[in-house]
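Engineer: Pasting a structure below so you can have a look.
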Amino acid sequence: MISYGFVTGAARLCMPVLFKEISNDIGLTVTQVGTIWGMDPLAGIFIGLPGGLLADRFGVRRTAAVVCILAGVFGALRGISVNFISMAVIMFLFGLMAAATPSVIPKVTAEWFGGRQLGLANALLNIAWGIGAMAATMFSATTLSPLLGSWRWVLLFYGVPCVILGLLWLTTREPDASELPDTVAVKVPFKEALSRVTRMKEVWLIGCMTTFLWGASMGLIGYLPLYLRNIGWTPESADSVITVFMGVTAIGVIPMVLLSDKIKSRKIVIFISIVSVVVTVGLIPRVGTAGIWVLVIACGFLRSGASALINVIIFEIKGVGSTYGGTATGLANTISMVGAFLGPPLGNSLADTNPGYPFFFWSGLAALSLPMLFFIKNRTGESR
């Protein structure tokens, strides 16, 4: 949970609220900001599947140690950027580690838990992500940057805990057959894991579905603080919207996951989550200040189910489990990162024509994920 909170939460989500200061310092356009924000998911296209394969082959402990240490190093190096090119390159390097984390860390839950516990364990990971993201959006620009003297020192500040976490992973262990005979993961060769997972149609469907959903979500998170500042909101108010969004997401994840257990359907909860994104993103440019707050709070709560449950339905696919969980989530994440990379810059490029057009684009993008959901089998009732 702490690794998820720092690497994918705080170290990653500090960027949207710092973009205004970074743009003024090194001279970035809105489109360049969207491109930089898209470097993280672009890296995921290259690292998602290899990260999962490494976790299945060498185990979570060693893989997570390397990922966290390098995430801290590359995350800190973002602070030495002097122009668009240098920031984009270092963001890509950091993104390789940040995007590998969702392929590695959730495998821990599949090794130690099953059935309803699997859903709850993944929910806790997403709560940790929400807490880390909320803290980063709340304090990075308005507190840490003035306190430390610059956005550059803020990025260095977030890199240190990631390195420490990597060292701590070396002190952990993984379950063995005598402890958890029904869930223990067997380390498998690359070729076997890749051959087995790439033939699973449901993994491909989930990857295609999330490529549209994450594209819309990444675009919204990266652009909203900048949009609100440009239409007259104070920096504190603009940043607090994302903070509240992350906080409500953390609050909603457990109720939404428990609801999926109660109704014995992951798909219905994910459907609700996707619809909330479609409606919210499409309405933001059309409502006033109060309306934006209502939409952000409602969407943050409802969308929280998708983030936790998508990993769960991957682990519950027949033949995946903990043994091939890293490779399966890695493949799905690799596909989804295509949308997460393209979504922000494509949407941001429309801002020059009209500041509200990016939201309409992302709303339509999220809507494209809905039809694919119906072709994924619901296996909640079969999970152990």
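Engineer: Positive end of the charge dipole of the chain (Lys, Arg +1 and Asp, Glu -1 on Cβ, about the Cα centre): tell me which of PRO345, VAL278, SER145 has its Cα farthest that way.
Structural biologist: Value computed over the given set: VAL278.
Engineer: Arranged by the count of other C-beta atoms within 10 angstrom, fewest first, what order do VAL7, VAL257, VAL73 take? Write out the running numbers ahead of the final one.
Structural biologist: Values: VAL7 33, VAL257 27, VAL73 16.
The order, fewest Cβ neighbours first, is VAL73, VAL257, VAL7.
Engineer: To make sure I understand, if each residue's beta carbon is the centre and we count other beta carbons within 10 Å, what order do VAL287, VAL275, VAL269, VAL338 fall in, fewest to most?
Structural biologist: Working: VAL287 13, VAL275 16, VAL269 26, VAL338 20.
Going from least to most buried by this count: VAL287, VAL275, VAL338, VAL269.
Engineer: I would also like to ask the following. Alpha carbons only, please: Rg and Dmax for the range 237-339, in angstrom.
Structural biologist: 15.5, 49
Engineer: Okay, moving on. Could you give log10 I(q)/I(0) at q = 0.07, 0.09, 0.11 Å⁻¹ for the chain, computed by the Debye formula over C-alpha point scatterers of equal weight, without solvent?
Structural biologist: -0.27, -0.46, -0.70
Engineer: Still on this structure, I have one more. Which value, to two decimals, describes the C-alpha radius of gyration of the range 206-245 once divided by 2.2 N^0.38 Å? Each step should come with its number before you reach the end.
Structural biologist: Details: Rg = 12.6 Å, N = 40, 2.2 N^0.38 = 8.9 Å.
Taking the Cα Rg and dividing by 2.2 N^0.38 Å, one obtains 1.41.
Engineer: For the cross-link pairs LYS20/LYS267; LYS107/LYS267; LYS20/LYS201, which exceed 31 Å when the distance is taken from alpha carbon to alpha carbon?
Structural biologist: On the way: LYS20/LYS267 38 Å; LYS107/LYS267 21 Å; LYS20/LYS201 42 Å.
Going by Cα-Cα distance, LYS20/LYS267; LYS20/LYS201 fall outside the 31 Å limit.
Only the coordinates and a few stated rules stand behind these numbers; no lab work does. Worth saying up front: this structure is predicted, and the values here are computed from it rather than measured. Note that we place each Cβ from the backbone using ideal geometry, even for glycine, and neighbour counts take in every protein chain shown.
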